[in-house]
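The values are calculated or read from the model by the stated rules, or taken from the named source; none is laboratory data. In this text the structure is predicted, and so the values were computed from the model without any measurement. Neighbour counts are summed over all protein chains in view; Cβ atoms, including those assigned to glycine, are modelled from backbone coordinates with ideal geometry. What goes into the accessible areas is simple: the full protein's heavy atoms, side chains included, and nothing from ligands, DNA or RNA. Shrake-Rupley method; radii C 1.70, N 1.55, O 1.52, S 1.80 Å.
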Amino acid sequence: PSACCRCLDAGKDTCLYPLPEPQDLFQASQMKFEDFERDLRKLKKDLNACLGETDKVCKVSSEENLQPFKDKMDNFLTQAKTELETQEKQLADTQKIFLELSVSFSVKPKAGEKEVSLNTFFSIWHEFSSDFKEQWKKQNKLLLQERVKKAEESFKQARQKATYNVTTKNATGIVRYFPFSTFLFFLSAFSPERFCL
């Protein structure tokens, strides 16, 4: 966490937690591919039922009452079928990628599981991310304190350097020598109109 915080500019708005949030990993661990498959099967069943009802309405309707119902329903059913097929493909691809991921991380199925479940995989990552985030916050806070301390020291050193020396030029006057930084400070305090050279 310490090295990670140093890379991420601790104490600034750009400093973001570099891993998925523990809550997101917990929610992922509660999901099941079987639930998604069941929902898609139900959608397919509902779509087929809708298709059957549309055919019935089209068969009993006269030609003059058939439009625009038939065209609108044909477009709707075609689009719904395409979206359902896309969802089914995405789910299959996601399952395949997940299994490859679990193999690459050497995660084994729990007793009674045929394959590694989402719960098994993401529970491990949820625990890791929760522990990591606690340490990350502590390190981030320490680095922020270090930056504040360095800034305070720099400011203190700048104030100490801003002193001036007084030396006598001759018996008639005194010449004061200012450091350039002090000169710039005084210069910035006044608008150009106030200087009359």
Taking region 56-67 and keeping only residues that are under 22 Å from LYS81 (Cα atoms) and open to solvent by 80 Å² or more (accessible area, probe 1.4 Å), one is left with LYS56, LYS59, GLN67
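Please find, within region 99-127, the residue that is surrounded by the fewest Cβ atoms within 10 Å (Cβ to Cβ) out of those that are free of Cβ contacts under 8 Å to residues at least 12 places away in the same chain and part of a helix (DSSP H, G or I). Show your work before the answer.
Of region 99-127, the ones free of Cβ contacts under 8 Å to residues at least 12 places away in the same chain are 100, 103-104, 106, 108-114, 127.
Add one more test, that the residue is part of a helix (DSSP H, G or I), and what stays is 100, 103-104, 127.
Numbers: GLU100: 10, VAL103: 11, SER104: 8, GLU127: 14.
Across region 99-127, the extreme among qualifying residues is SER104.
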Among the residues listed as LYS12, LYS32, LYS89, the single one being exposed (fewer than 13 other Cβ atoms within 10 Å of the Cβ) and at pLDDT 95 or above: LYS89
Anything in region 109-149 that is of a type in the set (D, E, K, R) and at pLDDT 90 or above? List them, or say none. GLU127, ASP131, LYS133, GLU134
If you check every pair at least six apart or on different chains, which have Cβ atoms under 8 Å apart with a residue in region 11-25 that is aliphatic (A, V, I, L, M) first and a residue that is surrounded by 11 or more Cβ atoms within 10 Å (Cβ to Cβ) and modelled with pLDDT under 80 second? LEU16/LEU8
Can you run down the residue pairs with Cβ atoms below 6 Å, 6 or more apart or on separate chains, where the first is in region 66-79 and under 14 Å from GLY52 (Cα atoms) and the partner is in a helix (DSSP H, G or I) and among the hydroxyl-bearing types (Ser, Thr, Tyr)? MET73/THR54
Considering LYS45, LYS70, which residue is charged (D, E, K, R) and surrounded by 13 or more Cβ atoms within 10 Å (Cβ to Cβ)? LYS70
